[in-house]
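Right, one structure below, let's go through it.
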Amino acid sequence: MSKDTEQDSPPGGTGNSAAQRSTPPSAPDPTTAQGKLVTGILQLVEEHEATLRAASEREAVERAALAREVADGPELDKNALTAADVGRIRRAYKVAEEATPRVIIEAHERDGRNATDIARELDMSPSYVSRVIREHKAAAGK
């Protein structure tokens, strides 16, 4: 090994410096066949990701609409529910469950409401609401 090579190589002789490893790959040359292939694949991946994002956003909007529909709908007779009704209600329940901590925090911080008032409106225990608020404050470092 020459003196120059020894100075450029890191200990252990791997030849992979941090600068070499962190350098991003150069953009493909779109004038070559390989570059056209890579560019085409990257475009397809971007289109696929955009399609997935749009589908996810549509699903979120549909789930929120379903939750509002069930919440605003007529009183339900448990003896008259169909399988389709129960499925819709269960999906709406999942949406509401996922949104509950956010709703509690917003009611407390934005509206200045206390845990007891929030719990009464959401038909849940004040201890649960207090725990959500306490954990949020701890996570936020307050």
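If I ask for residues that are within 19 Å of residue 69 (Cβ to Cβ) and not acidic (Asp, Glu), which ones from region 91-121 would you list?
91, 92, 93, 94, 95, 96, 99, 100, 103
In the set 33, 99, 60, which member is among the small types (Gly, Ala, Ser) and more than 23 Å from the chain's Cα centre (by Cα)?
Being among the small types (Gly, Ala, Ser) and more than 23 Å from the chain's Cα centre (by Cα) holds for just one of 33, 99, 60, which is 33.
Limited to region 40-82, what total is found for residues that are among the hydroxyl-bearing types (Ser, Thr, Tyr) and either touching a residue at least 12 places away in the same chain (Cβ under 8 Å) or over 30 Å from residue 29 (Cα atoms) (or both)?
Going through region 40-82 one residue at a time, the tally reaches 2.
Report those helices (runs of 4 or more DSSP H) wholly inside region 36-142 carrying at least 2 residues which are at pLDDT below 90 and surrounded by 15 or more Cβ atoms within 10 Å (Cβ to Cβ).
Here the list reads 83-109.
The values are calculated or read from the model by the stated rules, or taken from the named source; none is laboratory data. In this text, all values refer to a predicted model and were calculated from it rather than measured experimentally. No Cβ is skipped: glycine too gets one built from the backbone with ideal geometry, and neighbour counts run over all protein chains shown.
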